[in-house]
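A short worksheet on the structure shown next.
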Amino acid sequence: MGLKIEDYALIGDRQTSALVGKNGSIDWLCLPRFDSDACFAALLGSEDNGYWRITPDEHVTHVTRRYRDDTLILETDFETKSGRVRLVDGMVPHPHETTRMVREVIGLEGEVPMRTEMVFRFGFGRIAPWLRRLPDGKGITAIAGPDMVVIWSDVTLVGTDHRTAGKFTVAEGDSAIFALEWQPSHRHLPKPFDISESLRRAEQRWRRWASRAPVRNRWAEPVRRSLITLKALSHWETGGIVAAATSSLPEALGGSRNWDYRFCWLRDATFTLQALLGAGYREEAKAWRDWLDRAIAGNPEDVQIMYGVAGERRLAEWKVDWLSGYENSQPVRAGNAAVDQRQLDIYGEVMDALYQANKHGLKQDDNSWQIRLKLLDHLETIWSEPDEGIWEVRGGRKHFVHSKVMAWVAFDRGVRSIEEFGFDGPLTRWREVRDTIHADICEKGFDADLNSFVQYYGGKTLDASLLLMALVGFLPPHDERIKGTVAAIEKHLFTDGFVRRYNTDDGTDGLSGTEGAFLACSFWLVDNYVLLGRRADAENLFERLLDLANDVGLFSEEYDTEKRRLVGNFPQAFSHVSLVNSALRLSGEDLPERHR
């Protein structure tokens, strides 16, 4: 069996990212962009599908690792009978459609024999490239179709059967450096870059950026790490933020709930903007807001729930059937068929995100309000229809309560935008629609027997998305219906100390298998505890959630409470965004519900 999900760490250059295991192996790398095909895909298959390992050439007795303070530069220390070495991994930002990675081995103690092994397989681990040695003998190139990867090193690399390996020894005070660069194969061979200087500049940039984080209490470190992770998952040029660095890591080990998360969801818009603005990162918030405006521009009937990194709309789902899947979790998917679903909640999320941007004084494009007018014109005609809901179920459309609540949010933020910012719009009509939706939800979405709102009209099941009702201002947190809903979720969805999204056992969502506790939903319960004045409960749950992070502070989407393992795509932006927002709320920072 390979490494656990939590045994990986993220490195990246804000154009793409890689996962580095505790064993010194890079098992996932997509080039040149987050959502490109992987050239190292062992994470979802075997070593034959591509990896690059640097490790001691003898038994390792102990491994520790950390990020350099407030950076995305990873240090992994290996201890053997011969001594200790440190592997430094980082990616250095560079424009012009190239990706640069640095791997340096530093001798700390004694004299340790080392080895490096690499297998390049473009096209998600399927295409073996043409390998050749560089003219000066200090590296290799790997070329297949549009892709070219160059490896530079003073270590002699030997290729056999489409594999490349090298052995070397590092003594105390010595080092061995490897560098990787990707670029389109039609370009001339790139020249070696200044590795040490590039890494130094990257380290400085990360530290300057992280120093602006506002939280200074005992939660400062996880907040900074989460913000750095969000920054790493944002594209340096487009401003788009991908939901995760990976595809098809399972929500349940061995199951089929394996989705491609390397895209940008409108669902995440409000939460992400709230976290960035709350943390004082206005430039990043503006880039995300601008991406949002561009992505949804056009006919409002064509708005999608997700887009590519640059706003691409074609994200067709297909099965990568030559990959066996993480721990045999099949199928492995690229693309995401949920792109074609109807999710009415996205209109509220977009309107709330743009409202929050206005609230914080972010300058906007002149067309932004016109886009919002068109969106609400369209929503007015469809809000009463069923949809697939926030969780992208594949069991048929229903009248999901959360979707209706977010339709209410859309019109509420439209009304507030007119009232507070002086925009021109049909104020009276929007107020009427807003009130109609509110009454409809209270009548059809609340179950008196359960004393709780329910997942969908006429149903008896619960949904953790109901925890957002107080957070978006639909009802005050001390409303008896909100308190009843929180209590019902504690009773029915609070399992082994954490919150599940909904009951997956009955198969009504059209998906097979179960899933773990959903970390973002657990953070939402923290938020509700704060609003309800249950401070001790909030801090207790928040601390237990922090304990689920791996050794370098990263979270996946979910947590398997039985196997005590992280599951789902990794690292997950939604989890880290929710952590930041909960920490800000616990720290007394100014958050949107204070203005409602």
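Does residue 389 satisfy the condition of being over 16 Å from residue 425 (Cα atoms), at pLDDT below 90, in contact with an Asp or Glu (Cβ under 9 Å, 6 or more places away or on another chain) and outside any helix (DSSP H, G or I)? No: the conditions fail for residue 389. Only a single item in (1) under 20 Å from residue 163 (Cα atoms); (2) outside any strand (DSSP E or B); (3) among the aromatic types (Phe, Trp, Tyr) is not met by residue 28, and it is number (2). If I ask for residues that are closer than 11 Å to residue 182 by Cβ, open to solvent by 10 Å² or more (accessible area, probe 1.4 Å) and either β-branched (Val, Ile, Thr) or touching a Cys at 6+ places or on another chain (Cβ under 9 Å) (or both), which ones from the range 144-157 would you list? Scanning the range 144-157 gives a single hit, 147. Out of 156, 169, one residue alone is farther than 29 Å from residue 66 by Cβ and not basic (Lys, Arg). It is 156. Can you pull out the helices (runs of 4 or more DSSP H) entirely within the range 459-570 that have at least 2 residues that are of a type in the set (Lys, Arg) and either open to solvent by 10 Å² or more (accessible area, probe 1.4 Å) or in contact with a strand residue (DSSP E or B) (Cβ under 8 Å, 6 or more places away or on another chain) (or both)? Answer list for the range 459-570: 480-492, 535-546. Per the conditions (1) over 32 Å from the mean Cα position of the chain (by Cα); (2) buried (at least 17 other Cβ atoms within 10 Å of the Cβ), the sole criterion not satisfied by residue 409 is (1).
Among the listed residues 247, 226, 256, which satisfies the condition of being open to solvent by 10 Å² or more (accessible area, probe 1.4 Å) and of a type in the set (S, T, N, Q)? Selected residue: 256, the only one of 247, 226, 256 that is open to solvent by 10 Å² or more (accessible area, probe 1.4 Å) and of a type in the set (S, T, N, Q).
Among 65, 100, 33, 53, which is more than 30 Å from residue 223 (Cβ to Cβ) and either over 30 Å from the mean Cα position of the chain (by Cα) or charged (D, E, K, R) (or both)?
Result of the check over 65, 100, 33, 53: 53.
Tell me, which residue of the range 304-355 that is open to solvent by 10 Å² or more (accessible area, probe 1.4 Å), of a type in the set (Asp, Glu) and in a helix (DSSP H, G or I) is modelled with the lowest pLDDT? By that ranking, first place goes to 340. Looking across the range 571-592, the residues that are farther than 27 Å from residue 533 by Cα and either without any contact (Cβ under 8 Å) to a residue 12 or more places away in the chain or not in a loop (DSSP other than H, G, I, E, B) (or both) come down to 572, 573. For the range 443-458, the set of residues classified as polar (S, T, N, Q) and surrounded by 15 or more Cβ atoms within 10 Å (Cβ to Cβ) consists of 452, 455, listed by residue number. All conditions but one from (1) in a strand (DSSP E or B); (2) open to solvent by 10 Å² or more (accessible area, probe 1.4 Å); (3) among the aromatic types (Phe, Trp, Tyr) apply to residue 193; the one that does not is (1).
Within the range 179-190, if we keep just the residues that are over 28 Å from the mean Cα position of the chain (by Cα) and under 22 Å from residue 29 (Cα atoms), the residue that is surrounded by the fewest Cβ atoms within 10 Å (Cβ to Cβ) turns out to be 186.
Kindly indicate whether any position in the range 240-257 is among the charged types (D, E, K, R), in a strand (DSSP E or B) and in contact with a Lys or Arg (Cβ under 6 Å, 6 or more places away or on another chain). Spell out the reasoning first.
Narrowing the range 240-257 to residues among the charged types (D, E, K, R): 251, 257.
Okay, now just the ones that are also in a strand (DSSP E or B), so none.
Within the range 240-257, not a single residue is among the charged types (D, E, K, R), in a strand (DSSP E or B) and in contact with a Lys or Arg (Cβ under 6 Å, 6 or more places away or on another chain).
Scan the range 125-136 for residues that are open to solvent by 90 Å² or more (accessible area, probe 1.4 Å) and either within 16 Å of residue 36 (Cβ to Cβ) or touching a residue at least 40 places away in the same chain (Cβ under 8 Å) (or both) and the total you get is 1.
A residue that is among the aliphatic types (A, V, I, L, M), touching an Asp or Glu at 6+ places or on another chain (Cβ under 6 Å) and surrounded by fewer than 20 Cβ atoms within 10 Å (Cβ to Cβ) occurs somewhere in the range 201-210.
Conditions (1) farther than 28 Å from residue 49 by Cα; (2) in contact with a strand residue (DSSP E or B) (Cβ under 8 Å, 6 or more places away or on another chain); (3) basic (Lys, Arg), marked per residue:
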{"position": "315", "(1), (2), (3)": "no, yes, no"}
{"position": "319", "(1), (2), (3)": "no, yes, yes"}
{"position": "330", "(1), (2), (3)": "no, no, no"}
{"position": "347", "(1), (2), (3)": "yes, no, no"}
{"position": "364", "(1), (2), (3)": "yes, no, no"}
{"position": "370", "(1), (2), (3)": "yes, no, no"}
{"position": "374", "(1), (2), (3)": "yes, no, yes"}
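Does the range 277-303 hold any residues that are hydrophobic (A, V, I, L, M, F, W, C), open to solvent by 10 Å² or more (accessible area, probe 1.4 Å) and under 29 Å from residue 223 (Cβ atoms), and which are they?
Of all residues in the range 277-303, those hydrophobic (A, V, I, L, M, F, W, C) come to 277, 279, 285, 287-288, 291-292, 295-297, 303.
Filter once more, keeping what is open to solvent by 10 Å² or more (accessible area, probe 1.4 Å): 277, 287, 297, 303.
If the condition is that a residue be hydrophobic (A, V, I, L, M, F, W, C), open to solvent by 10 Å² or more (accessible area, probe 1.4 Å) and under 29 Å from residue 223 (Cβ atoms), then 277, 287 are the ones that fit.
Any residue in the range 160-182 that is within 21 Å of residue 82 (Cβ to Cβ) and among the polar types (S, T, N, Q)? Checked the range 160-182: at least one residue is within 21 Å of residue 82 (Cβ to Cβ) and among the polar types (S, T, N, Q).
Tell me, which strands (runs of 3 or more DSSP E) wholly within the range 76-160 include 2 or more residues that are under 18 Å from residue 11 (Cβ atoms)?
Working: elements: 83-92, 99-119, 130-133, 139-144, 147-153, 158-160.
It comes to 83-92, 99-119, 147-153.
When 429, 434, 394, 413 are checked against the criterion of being of a type in the set (Lys, Arg) and assigned to a loop (DSSP other than H, G, I, E, B), 394 stands alone in meeting it.
Yes/no matrix, rows are residues, columns are (1) modelled with pLDDT of 95 or more; (2) open to solvent by less than 60 Å² (accessible area, probe 1.4 Å); (3) touching a helix residue (DSSP H, G or I) at 6+ places or on another chain (Cβ under 6 Å):
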{"position": "81", "(1), (2), (3)": "yes, no, no"}
{"position": "84", "(1), (2), (3)": "yes, no, no"}
{"position": "102", "(1), (2), (3)": "yes, yes, yes"}
{"position": "105", "(1), (2), (3)": "yes, yes, no"}
{"position": "123", "(1), (2), (3)": "yes, yes, no"}
{"position": "138", "(1), (2), (3)": "no, no, no"}
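Give the range 219-239 a look and list any residue that's among the charged types (D, E, K, R) and touching a Phe, Trp or Tyr at 6+ places or on another chain (Cβ under 9 Å), or say none.
We begin by selecting, within the range 219-239, every residue among the charged types (D, E, K, R); these are 221, 224-225, 231, 237.
Scanning the range 219-239 gives 225, 231.
The values are calculated or read from the model by the stated rules, or taken from the named source; none is laboratory data. Note that the structure is predicted; figures quoted are calculated from it, not measured. Note: ideal-geometry Cβ built from the backbone for every residue, glycine included; neighbour counts use all protein chains shown. Ligands, DNA and RNA are excluded from the accessible area calculation, which covers all protein heavy atoms including side chains. Shrake-Rupley method; radii C 1.70, N 1.55, O 1.52, S 1.80 Å.
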